[in-house]
1. How far, in degrees from 0 to 90, does helix 202-216 lean away from the longest principal axis of the Cα atoms of the chain, to the nearest 10?
2. Counting only DSSP beta bridges with both residues in the chain, tell me the antiparallel percent, nearest 5.
3. If each residue's Cβ is checked for other Cβ atoms within 10 Å, how do 13, 100 rank with the fewest at the top?
4. Rounded to the nearest 500, what is the chain's calculated 222 nm mean residue ellipticity when only DSSP H runs of at least 4 contribute -39500 (n - 2.57) each, over all residues?
5. Just to verify a number: FRET efficiency for residue 5 and residue 53, C-beta to C-beta distance, R0 = 35 Å, to 0.05?
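Throughout, read-outs are computed from the coordinates displayed, never taken from laboratory work. Since we're looking at a predicted model, the values are computed, not measured. A quick note on method: Cβ atoms are made from the backbone with ideal geometry, for glycine too, and the neighbour counts reach across all protein chains shown.
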Amino acid sequence: MDEKIRESIALFRYGLIAPILNGQVSCQKTYLEEVAGKKHQVPYYGEKEFTPKTISCWLLDYRRAGFAGLKPKGRSDKGQCRKLNAQQEERLLSLRQQYRDMPVSVFYDQLVDQGEILPKEVSYATVYRFLRKHGLIARDAPAKQERKRFAYDKVNILWQGDMSVGPYLLLNGRKTKTFLFGFIDDCSRIVPFAQFTVSEKFDALKNVFKEALIRRGIPKIVYVDNGKIYRADTFHIACASLGIVLTHTKPYDAASKGKIERFFG
């Protein structure tokens, strides 16, 4: 497991505990039970379920060591072979045909309970990758999500961020496109910072976000679209390190960021 994967897993864990860290949860016990009752698609590991105790441990790890505390620890059996042999592969394919709709996490537990595999020799991730390779992962239908109305009554709870194409300028005899990056506070409609740039790459976003933080402090939530720069690992890690929950709109749903869109207009 390389560092990039470890960071991806840490970001996933942070996403589950962030509402608690930011005071968005009225009853921690109820929230943990709700999260534990769902299946989660975890980077590297695939579909998993977690107990409230596991999520509580992540919360404690973050409070003790920050974002780094959420990264998976090194395995004690690192370097040892955990691959399936030919006989195991054939057996797994046969069993999986009988239980095509069973979640992989349940299927794996069943393999262990029946003595088909040993957890120390074959990990859940190994079985998941093998089944995915052969197209044997059951997919649940995506749940319909309701659009939530933003009604925060305090500043620095949520910032909406976006980028808009600006006017063309004549620079050094060449017609150059400009881009407007900005953030707006959901409660006060104050613009922490906005700036025109001649680049739409991550460095432009980084500079504008940095200036916004310097001028107005750290928000609890940043709400942006699914653009490549907003999906950058560097941006995710920066927000997680600052205790900011980074959330994204549905694709092609500009209306969900109405306040920043109105500002650009």
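1. 70 degrees
2. If I count the DSSP bridges inside the chain, around 75 percent turn out antiparallel.
3. Ascending number of Cβ neighbours within 10 Å: 100, 13.
4. -12500 deg cm²/dmol
5. With R0 = 35 Å, the Cβ-Cβ based efficiency is 0.90.
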